[in-house]
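So the structure is just underneath, and the comments pick up after that.
The values are calculated or read from the model by the stated rules, or taken from the named source; none is laboratory data. Predicted model, so just to flag it, every value in this text is computed and none were measured. Heads up, the Cβs are rebuilt from the backbone with ideal geometry, glycines too, and the neighbour counts pull from every protein chain shown.
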Amino acid sequence: MAGASLLESTVVPVPLEVLLIPLMQLNRNRLWQLAAAALAGCIAGALIGYGAGHFFQETAGRWIVDAAGGEDAFARAGELLRRQGFWFVFSMGVTPVPFQVAMVAAGALGYSLPGFLAATALSRFLRYFGLAALVWMFGDAAERIYRNHRKAVAVAVTAIVLLMWIVFGVWG
């Protein structure tokens, strides 16, 4: 699971949830270990992406940016990172948008590595352990619930993150 999460956070454009929910359903006694492994793999992948942006922006960083959304997405990410920092990285980690652009932008722009790791760990903890809680509470129905309501959840999470940006961005 850690390897799959590392790949998903760096180069594979398929959301990890597609694999994670069925694995959690099959291994309910290991829900929390699977979530922890996914978190560890994502953090390792985030460090790779950050490093690519920091040390190899013109080569590996550019390839990751192109694969994840292109130069326009990178420019927007850079501006948001300069203005919002932690909350930008957090929102990219918790919402269903390509996290690779945030990783490379944070590294390329020299955003604080501890701040980047804290935002990454918190956002992905909520995402993966939230899925584990969903499977723990609803069992086999969890995948159907996730599939049927993922757009509503994405909208709700995005609204919460935007509210946090406004509150903490203005007064933080």
Provide a single number: the residues in the range 95-109 that are in contact (Cβ under 8 Å) with a residue 12 or more places away in the chain and assigned to a loop (DSSP other than H, G, I, E, B). 4
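Residues to consider are A142, A133, A159; find the one that is out of contact with any Leu (no Cβ under 7 Å at 6 or more places or on another chain), part of a helix (DSSP H, G or I) and at pLDDT below 80.
A159
Name the one entry in L20, L34 that is more than 21 Å from M92 (Cβ to Cβ), in contact (Cβ under 8 Å) with a residue 24 or more places away in the chain and of a type outside the set (S, T, N, Q).
From the options L20, L34, the qualifying one is L34.
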So which of I64, I43 is under 17 Å from the mean Cα position of the chain (by Cα), over 20 Å from G139 (Cα atoms), modelled with pLDDT of 90 or more and not in a loop (DSSP other than H, G, I, E, B)? I43
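For the range 121-131, does any single residue satisfy the condition of being more than 14 Å from the chain's Cα centre (by Cα) and of a type in the set (K, R)?
Checked against the condition, which is being more than 14 Å from the chain's Cα centre (by Cα) and of a type in the set (K, R), the range 121-131 yields no hits at all.
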Can you confirm whether G3 is under 26 Å from G78 (Cβ atoms) and not in a loop (DSSP other than H, G, I, E, B)? no
Can you name the condition, by its number, that Y50 falls short on among (1) of a type outside the set (K, R); (2) surrounded by 14 or more Cβ atoms within 10 Å (Cβ to Cβ); (3) closer than 22 Å to A119 by Cβ; (4) at pLDDT below 90? (4)
Tell me which of these G107 doesn't satisfy, since it passes every other one: (1) surrounded by 19 or more Cβ atoms within 10 Å (Cβ to Cβ); (2) at pLDDT 90 or above; (3) out of contact with any Phe, Trp or Tyr (no Cβ under 6 Å at 6 or more places or on another chain). (3)
